[in-house]
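The structure under discussion is supplied below as structure tokens; questions concerning it will follow.
None of the figures in this text is laboratory data; all of them are computed from the coordinates on show. No experiment lies behind these values; they were computed from the predicted model shown. With ideal geometry, Cβ positions are generated from the backbone for all residues, glycine too; neighbour counts draw on all protein chains shown.
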């Protein structure tokens, strides 16, 4: 494929790897608004997209950016935006819009320190809950948590694939450390890269129903294809017409969440490190998991039975595996760069009778291994 | 207080057979969705009919017409057209249209929105899309009020008006939409009322033909506005349009703000039409320039 990053070994910045992955995934439209620390993605896409025949546009704000992404995808082009902090907050309304209209779309959120303007140049992991609950009403998204340049690349391709497969908005919740990290990247042969395209309708326009409830994921007619249908942000019936009917509206909302809930075991991913005989299970993700892994390595050498459970998807959360592990360990310690977000999910799904602790940490920096090690030693009373 | 809507009642209209009203337009209108939700006395039904007629006369295959709208009474209009229609969130249809058009330049993308949707909550998207001269059409049905939510004031509500959120009289100055569009860079600007049906349809067709950001303001009667402001009967605003409209294609745009003062003229016409390269054309040239530079390793 001309113009795409060739298979091979690279030393690359996380944000650039995200851009190159998007191009390989088939992304040909980017709309965004400048915001630190995600800027390199927009800058790279503005240079690269025209090289592969795609379109880059810098919009007037983040609201316009994500809505333009949805418009482009509605016309059949894989599309994305990238943002951080306040920009992600501004996009929340359209998370619901993407869900309601079932338009495949990708947001890369390079998480930074908040609240508000916070520290734009430094790291945070404070958008875990917002990603899932930030838009009003009931909806599902898929959110990936890369902890390396390689995963930033891999998960961006996955985000496009699952967006297309489930007709849903997906997110790559990177963080400032991962976005700005230089690291090794292996681009596989294109033949090894799975690419998914949304299902197109095969019936004639008069037979086609835009929100056909006989399907879990209805085929998607794109604009201009001759189906002449109404896509509505209002609660709608199978034809896409607005409805306030009790059964019609509940059927729609149920289907929108069932798309993901019934497939969560296919979508969710995680990594386990030294969990087989662990008595203390640490839960961490993104850049934080790199510090935690160092701590696990060091303390294992000293005989502490500590392990790491690293969700690679925040949403859907791999709760069944956490529950299994929680039945074997004595304590769980959640480390994240916020004052307590994923810990709530862990508390919800862990076996009830164990001690779940949290390391609140939100200074704009990732916790050093030494800091975490000190806390773990206290937990062991050592 | 009996409202204008109560006084009119549907019985006055029940004798009008839908099939007659939309005769010849069945190909462009979703008859299965009739009757529409617009109030008796509202201008939107006429705009719907006019737009359907213009789409059929445009010479552009109906499959390539796409309607985009946001929230409000006017936001419901494209859903009644038998075209690909996207009814998105409040204020955002222009941004959605920008994405559609850039992704597929063959689409004829028309945004239909009210004054609240396009120049109030969506004002930022409006001015920037005009500035970039995207090849999209924007029909702004200006009825001076938020009708769907019950009659609150918006960015075009004339100063002194009474609305549900200005019960003591409105103290803000309104936007002059053609002037705003001109200043922002729109390349086609027109204004009509629903009683100028033939001109409106003709202007819609010109708007489809125009390459660039086209703005057509339709001054629409609204019973919710009228009942509190000098136009108590549903025909009063229409009578005002009939008596006070002045067609002036050369109008000085700073002077055509709307006060709805029955003593003041209401200036309408096709005010501005200029050909300037569109964003889509410029970006296509950019892609050709870049691709000549060869693929990146």
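Please label the shape of chain A as rounded, prolate or oblate, based on the square roots a ≥ b ≥ c of the eigenvalues of the alpha-carbon gyration tensor (a/c under 1.5 means rounded; beyond that, a/b larger than b/c means prolate, else oblate). Walk me through the intermediate numbers first.
Values: a/c = 1.97, a/b = 1.46, b/c = 1.34.
Prolate.
If you take the Cα Rg of the protein assembly as shown and divide it by 2.2 N^0.38 Å, with N the number of residues, what do you get?
Numbers: Rg = 27.6 Å, N = 679, 2.2 N^0.38 = 26.2 Å.
Rg over 2.2 N^0.38 Å, computed on Cα atoms: 1.05.
Also, I was wondering about something else. Within 10 Å of each Cβ in A:44-57, how many Cβ atoms from other chains are there, averaged over the peptide? Show your work: numbers first, answer last.
Values: counts 0, 0, 0, 2, 2, 2, 9, 7, 5, 4, 3, 10, 3, 7.
Average per residue, whole number: 4.
May I pose another question? With springs only between Cα atoms under 10 Å apart, run a GNM on chain A and tell me which of A:248, A:149, A:110 wobbles the most.
Maximum fluctuation in the GNM of chain A, among the listed residues, is at A:248.
Suppose R0 equals 45 Å. What FRET efficiency, 1/(1 + (r/R0)^6) with r the Cβ-Cβ distance, do residue A:136 and residue B:209 give to the nearest 0.05? Provide the component values of the computation, followed by the final result.
Working: r = 41 Å, r/R0 = 0.91.
Efficiency computed from Cβ-Cβ geometry: 0.65.
Distances over 22 Å make up what percent of all Cα-Cα pairs in the stretch A:21-114?
Values: 825 of 4371 pairs.
Roughly 19 percent, once rounded to a whole number.
Binning at 10 angstrom from zero up to the longest distance, how are the C-alpha pair distances of the stretch A:164-319 distributed in percent?
In order of increasing distance, the bins hold 9, 24, 26, 19, 14, 7, 1 percent.
Turning to a different aspect of this structure: What is the gain in length, in nm to one decimal, between residue B:60 and residue B:37 on full extension, counting 0.36 nm per residue of separation less the C-alpha to C-alpha distance?
Details: separation 23, 0.36 × 23 = 8.28 nm, distance 2.82 nm.
Stretched out fully, the residue B:60 to residue B:37 stretch lengthens by 5.5 nm.
Given the convex hull of the Cα atoms of the stretch B:8-139, what is a quarter of its surface area in nm²?
On the way: hull surface 32.2 nm².
Answer in nm², one decimal: 8.1.
With a 10 Å radius around each residue's Cβ, average the other Cβ atoms per peptide and rank A:327-334, B:45-52, highest first.
Working: A:327-334: 19.0, B:45-52: 23.8.
So the peptides A:327-334, B:45-52, ranked by packing, come out B:45-52, A:327-334.
In whole angstrom, how far apart do the alpha carbon centroids of the stretch A:100-116 and the stretch A:292-321 sit?
Value for the Cα centre distance between the two parts: 26 Å.
While we're looking at this one, here's another question. Full extension from residue A:330 to residue A:277: what is 0.36 nm times the residue separation minus their Cα-Cα distance, to one decimal in nm? Could you put the intermediate results ahead of the total?
Values: separation 53, 0.36 × 53 = 19.08 nm, distance 1.09 nm.
Working it through step by step, the gained length comes to 18.0 nm.
Based only on Cα atoms, what mean projected area does the convex hull of the stretch A:326-382 have, in nm²?
Numbers: hull surface 16.7 nm².
Computing the convex hull of the Cα atoms and averaging its projections yields 4.2 nm².
Another question, if that's okay. Would you mind computing, in nm to one decimal, how far apart the modelled labels at residue A:371 and residue A:347 are, each placed 7 Å from Cα along Cα→Cβ?
2.2 nm
Other chains' Cβ within 10 Å of B:75-88 residues: what's the mean? Could the numbers behind the result be given before it?
Working: counts 2, 3, 0, 1, 8, 1, 2, 3, 5, 14, 7, 13, 10, 12.
Other-chain Cβ atoms within 10 Å of each residue's Cβ, averaged: 6.
Quick one: if you take sqrt(5λ) for each eigenvalue of the C-alpha gyration tensor of the stretch A:270-380, what semi-axes come out, biggest first, whole angstrom?
Largest first, the stretch A:270-380 gives 18, 17, 12 Å.
Report, in degrees rounded to the nearest 10, the 0 to 90 angle that the Cα long axis of helix A:39-48 makes with the longest principal axis of chain A.
In chain A, helix A:39-48 runs at an angle near 40 degrees to the longest axis.
How many Cβ atoms of partner chains, on average, are near each residue of B:60-67 if near means within 10 Å of its Cβ?
Working: counts 0, 2, 2, 7, 3, 3, 6, 2.
For peptide B:60-67, the averaged partner shielding equals 3.
Give me the angle, in degrees from 0 to 90, between the Cα long axis of helix B:93-103 and the longest principal axis of the Cα atoms of chain B, rounded to the nearest 10.
Computed tilt is about 20 degrees.
Using Cβ counts within 10 Å as a stand-in for footprinting exposure, how do A:44, B:192 rank, fewest first? Don't jump to the answer; show the numbers that get you there.
Numbers: A:44 22, B:192 26.
Least crowded to most crowded, the residues run A:44, B:192.
Report for the protein assembly as shown the percent antiparallel among DSSP-assigned beta bridges with both residues inside it, nearest 5. If you can, show how the numbers build up before the last one.
Working: 22 of 86 bridges.
Here the share of antiparallel DSSP bridges comes out near 25 percent.
Taking every DSSP beta bridge with both residues inside chain A, roughly what % is antiparallel (nearest 5)? Walk me through the intermediate numbers first.
Details: 15 of 49 bridges.
That works out to approximately 30 percent antiparallel.
Can I ask one more? Quickly rank A:212-219, A:338-345, B:142-149 as a protection proxy: mean count of other C-beta atoms within 10 Å, highest first. Mind showing how you got there, number by number?
Working: A:212-219: 14.5, A:338-345: 18.2, B:142-149: 24.9.
Packing order, densest peptide first, comes out as B:142-149, A:338-345, A:212-219.
Hey, how much of the P(r) for the stretch B:4-292 falls beyond 36 Å, as a percent of Cα pairs?
On the way: 4977 of 41616 pairs.
Percentage above 36 Å: 12.
Using Cα-only point scatterers and the Debye equation, what is log10 of I(q)/I(0) for the stretch A:8-192 at each q in 0.10 Å⁻¹, rounded to two decimals?
One equal scatterer on each Cα of the stretch A:8-192 leads to -0.32.
Taking only Cα atoms, what is the 0 to 90° angle, nearest 10, from helix B:197-209's long axis to the longest principal axis of chain B?
On a 0 to 90 degree scale, this one is about 20.
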